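Asks: Okay, here's the structure, questions in a sec.
The values are calculated or read from the model by the stated rules, or taken from the named source; none is laboratory data. Treat the numbers as computed from the prediction; the structure is a model and nothing was measured. Counting neighbours? That spans all protein chains shown, and the Cβs are built from the backbone with ideal geometry, glycine included.
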Amino acid sequence: MSDDALPPVIPVGGMPTRSGSVARVLLLSALVGLAIVGLAFQLGIGDAVFARPGELLLLYIDVAPVLWFAGAAVLLSALRWQSIDQRFRWAALAAVVAVVVSIIVRLTLLQQSLLVALLEPFTLGFLAVVGAAIAFTRTRVRRLARGTDAGITLTGIGLGFALVGVGLAIGALRVALTGPPVPPGAVSRYIETSPTTGLLVAATMLMIAGLFWLTDRTRNQ
């Protein structure tokens, strides 16, 4: 029996929604967020040129996203009878586990330092992606429960700006603290540069995200 044939789930405060719809929105939001953070990270490290076929796609194939998208799909399906907030907590826990596994792989197999492993879009940045996806999905479900999705676009745009800020900040710190990313086997170059500009741009993106949040909150009070 498919999710579409299931009766509505009423998990929190009488919010009627279907399990399959929640899962699809969460996973799609995370995918979009991952693309945003990845591109912002590339801008943060000053490298936005993709010369080889498939290079952009390969940018997003990493341990943490692969583990989380596979695990989250199974969890959301298996726990569809639980409340939405409970499912979201399990999805967040799955993200933490996936990132920890990714860091361990980087430290052991790739011989990266802990600082380099952390300053990747698929470690700290990926936790931000999952958090934003959960926030967007929860907001959408709550508003649909009130019979309208007014303002959900503002929420999405605001979270998008926030993720751009996160990606830029991680990229700027990566270059300043450890040098730019290099292909496996190549010699790493350390560049003494200040992350001030990148962090200021990131802070600007976060402030814009805050303005969208404030506008949406004011309209929905």
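Asks: Just wondering, is there one or more residues in the stretch 98-114 that are closer than 24 Å to residue 162 by Cβ and not aliphatic (A, V, I, L, M)? Walk me through how you get there before you give the answer.
Replies: Looking only at the stretch 98-114, we keep the residues that are closer than 24 Å to residue 162 by Cβ, and these are 98-100, 102-103.
Still in the running and not aliphatic (A, V, I, L, M): 102.
Yes: the stretch 98-114 contains one or more residues that are closer than 24 Å to residue 162 by Cβ and not aliphatic (A, V, I, L, M).
Asks: What number of residues within the stretch 129-147 satisfy the criterion of being farther than 21 Å from residue 35 by Cβ and among the aliphatic types (A, V, I, L, M)?
Replies: Within the stretch 129-147, residues that are farther than 21 Å from residue 35 by Cβ and among the aliphatic types (A, V, I, L, M) number 3.
Asks: Of the residues in the stretch 43-63, how many are within 28 Å of residue 199 (Cα to Cα), modelled with pLDDT under 75 and not in a helix (DSSP H, G or I)? Talk me through it step by step, then tell me what you get.
Replies: So the first thing to find is which residues in the stretch 43-63 are within 28 Å of residue 199 (Cα to Cα), and the list is 43-51, 55-63.
Those left that are additionally modelled with pLDDT under 75: 47-51, 55-61.
Next, from what is left, pick out any that are not in a helix (DSSP H, G or I): 47-51, 60-61.
Adding up the residues that qualify gives 7.
Asks: Which residues, counting only those in the stretch 130-185, are within 30 Å of residue 108 (Cα to Cα) and of a type in the set (Val, Ile, Thr)?
Replies: Within the stretch 130-185, 130, 164, 166, 170, 175, 178, 182 meet the criteria.
Asks: Something else: What pairs can you find where one residue is in the stretch 75-93 and within 17 Å of residue 64 (Cα to Cα), the other is of a type in the set (D, E, K, R) and surrounded by 13 or more Cβ atoms within 10 Å (Cβ to Cβ), and their Cβ atoms are less than 8 Å apart, with a gap of 6+ or different chains?
Replies: If the second residue must be of a type in the set (D, E, K, R) and surrounded by 13 or more Cβ atoms within 10 Å (Cβ to Cβ), the pairs left are 75/87.
Asks: Now, a different point. Just checking, does the stretch 155-164 include any residue being within 30 Å of residue 220 (Cβ to Cβ) and free of Cβ contacts under 8 Å to residues at least 12 places away in the same chain?
Replies: Applying the first criterion (within 30 Å of residue 220 (Cβ to Cβ)) to the stretch 155-164 yields 155-164.
Next cut, free of Cβ contacts under 8 Å to residues at least 12 places away in the same chain only: none.
Within the stretch 155-164, not a single residue is within 30 Å of residue 220 (Cβ to Cβ) and free of Cβ contacts under 8 Å to residues at least 12 places away in the same chain.
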